[in-house]
1. Would you work out what percent of the accessible area of the chain, with all protein chains in place, is carbon or sulfur (probe 1.4 Å)?
2. With runs of 4+ DSSP H residues as the only contributors, calculate the mean residue ellipticity of the chain at 222 nm using -39,500 (n - 2.57) per run, divided by the residue total and rounded to the nearest 500.
3. Considering only the other residues whose Cβ falls under 11 Å of the Cβ of T18, what net charge follows from Lys and Arg at +1 and Asp and Glu at -1?
4. What residue among T18, T27, T59 has the largest mean-square fluctuation in a Gaussian network model of the chain, using Cα springs under 10 Å?
5. Between K56 and R20, what is the FRET efficiency for a Förster distance of 30 Å, r being their Cβ-Cβ separation, to the nearest 0.05?
6. Rolling a 1.4 Å sphere over the protein heavy atoms, what is the accessible area per residue of segment 11-50, to the nearest Å²?
7. Test of understanding: in a Gaussian network model of the chain with alpha carbons linked when under 10 Å, which of I22, I48, I31 would top the mean-square fluctuation ranking?
8. Work through the residues other than I48 whose Cβ is under 12 Å from its Cβ and net out their charges, Lys, Arg +1 and Asp, Glu -1.
Amino acid sequence: MPEEILTVREVAEFLKVTERTIYRLATEGQIPSFKVGGSWRFQRSDLIQWMNDQAKAQTDRGGQPHGEKD
């Protein structure tokens, strides 16, 4: 099955943030992305790995994943 490629709008919906946040993260190189023509695109598998890495980094810093309490 081919890798699923997402648009800014689809990523914003997937991550439950605004499109503006996705543009900022992509422009700053904080989220895995690439451009086709002048449009940002994202691979779903890269985003899932990035989310896992973000959660692990937060746990390693002594924080708790979002939504968990002592």
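1. Values: 2650 of 5340 Å².
So the carbon and sulfur contribution to the accessible surface is 50 percent.
2. Values: 3 runs with 34 residues, N = 70.
Roughly -15000 deg cm²/dmol at 222 nm, from the helical runs in the chain.
3. Value of the local net charge: +2.
4. In the Gaussian network model the winner is T59.
5. Values: r = 26 Å, r/R0 = 0.88.
Efficiency, rounded to the nearest 0.05: 0.70.
6. Values: 2580 Å² over 40 residues.
Computed with neighbouring chains in place, this is 65 Å² per residue.
7. Looking only at I22, I48, I31, the largest GNM fluctuation is found for I48.
8. For residues surrounding I48, the net value is -3.
The values are calculated or read from the model by the stated rules, or taken from the named source; none is laboratory data. Bear in mind that the values here come from a model prediction, so they are computed numbers and not experimental data. As a convention, Cβ positions derive from the backbone with ideal geometry for all residues, glycine included, and neighbour counts pool all protein chains shown. Surface accessibility is based on the protein's heavy atoms, side chains included, excluding ligands, DNA and RNA. Shrake-Rupley method; radii C 1.70, N 1.55, O 1.52, S 1.80 Å.
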